[in-house]
Amino acid sequence: MTRAPAQTSAGGRSEPPSGPGSEARSEPRSEARSEPRSERGTKERILDAAERLFSSQGVAATSIRAITAEAGVNVAAVHYHYGGRDELLRAVLQRRLGAVNEERLRQLDALLERPERPRVEDVVHAFLAPALLSSAEDESLPRMADLLLAEPPSRARELAMEIFGEVFERFAGALQTLLPELPPALVRERLRFAIGSMIHAIHAPRDLLEPESSTPPHVEVKEVLPALTDFVSAGLRAPEGGTP
């Protein structure tokens, strides 16, 4: 049986294969004309399937074939759109966290454009609020930290730098300007502590360390924002070396 050559679009790019046996035949021209919408749908199905499987069984235990079976696409489609499992994980994280980071930078830019000098609390709020408020609307967000932290350290660092690097540097710089008495390395360390506190606030039950008899009433994540902002701001302002 002769393998048909891949069909090429007007822009000179090969169309993605789809459907049973598509690795060995080209896509019909009528489908190729609607390719942009079809591609978006295929990519979203792949990302949805990858996110479900990564979250339920871990990245290392999830094969490309398991993802294709869950998404109802073939292996060639995954490789066409994403290349492999590492790129899929990056795309899953970026899809959920990209909008949060954009909102953080938007709020920080708005603060820095004001004529008056922002407070530490203002910068901290701009960092924390998009994540906490988004997690109240999107239950998948807490799982993104799990996926990232479950990766080997070198890989987790690479992904964190790619997804959060710009945000971290911008906020660390803004805080350093407001706290010139502190060494830059200490400001950065305390901002990392703030990230840990934020992840805990989003992810862990509030009554985790409370006796069952004194369990507080349910509180939405967004209602924790004022207390967490005060807590992080106080930690950032603390003098170097702590109290004797």
Point to revise | Candidate set: the range 156-172, residues that are of a type outside the set (Phe, Trp, Tyr), surrounded by 14 or more Cβ atoms within 10 Å (Cβ to Cβ) and free of Cβ contacts under 8 Å to residues at least 40 places away in the same chain; chosen: the one farthest from residue 202 (Cα to Cα) | key: 158
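Does the range 100-122 hold any residues that are within 14 Å of residue 167 (Cα to Cα) and in contact with a helix residue (DSSP H, G or I) (Cβ under 7 Å, 6 or more places away or on another chain), and which are they?
Within the range 100-122, the first condition is being within 14 Å of residue 167 (Cα to Cα), and the residues that meet it are 100-109.
Residues satisfying the conditions are 100, 101, 103, 104, 105, 107, 108.
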Point to revise | Meets criteria (touching a residue at least 12 places away in the same chain (Cβ under 8 Å), surrounded by 15 or more Cβ atoms within 10 Å (Cβ to Cβ) and outside any helix (DSSP H, G or I)) for residue 175 | key: no
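Select from the range 111-136 the residues that are assigned to a loop (DSSP other than H, G, I, E, B) and without any contact (Cβ under 8 Å) to a residue 40 or more places away in the chain and write down the one among them that is farthest from residue 197 (Cα to Cα).
Residues of the range 111-136 that are assigned to a loop (DSSP other than H, G, I, E, B), as a first pass: 114-119.
With without any contact (Cβ under 8 Å) to a residue 40 or more places away in the chain added as a condition, the list becomes 114-116.
Values: 114: 28, 115: 31, 116: 28 Å.
Among those residues, the one meeting the criterion is 115.
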Exercise for review: Looking at (1) aliphatic (A, V, I, L, M); (2) closer than 30 Å to residue 53 by Cα; (3) at pLDDT 85 or above; (4) surrounded by fewer than 18 Cβ atoms within 10 Å (Cβ to Cβ), find the lone condition where residue 185 falls short.
Suggested key: (2)
Review point. Among (1) buried (at least 17 other Cβ atoms within 10 Å of the Cβ); (2) at pLDDT 95 or above, where does residue 91 come up short?
Key: (2)
Exercise for review: Go through the residues of the range 141-153 one by one and say whether even a single one is outside any helix (DSSP H, G or I), in contact (Cβ under 8 Å) with a residue 60 or more places away in the chain and either at negative phi or polar (S, T, N, Q) (or both).
Suggested key: yes
Revision key, fill the gap. Here, helices (runs of 4 or more DSSP H) confined to the range 12-85 with at least 1 residues that are at pLDDT 50 or above, surrounded by 12 or more Cβ atoms within 10 Å (Cβ to Cβ) and of a type outside the set (Phe, Trp, Tyr) are 35-57, 64-71, 75-81
Revision key, fill the gap. Checking 174, 160 in turn, the sole residue that is aliphatic (A, V, I, L, M), out of contact with any strand residue (DSSP E or B) (no Cβ under 7 Å at 6 or more places or on another chain) and at pLDDT below 95 turns out to be 160
Check your understanding: Does the range 203-244 hold any residues that are modelled with pLDDT under 85 and assigned to a helix (DSSP H, G or I), and which are they?
Key -> 203, 212, 213, 214, 221, 222, 223
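The values are calculated or read from the model by the stated rules, or taken from the named source; none is laboratory data. This is a predicted model, so every value here is computed, not measured. Counting neighbours? That spans all protein chains shown, and the Cβs are built from the backbone with ideal geometry, glycine included.
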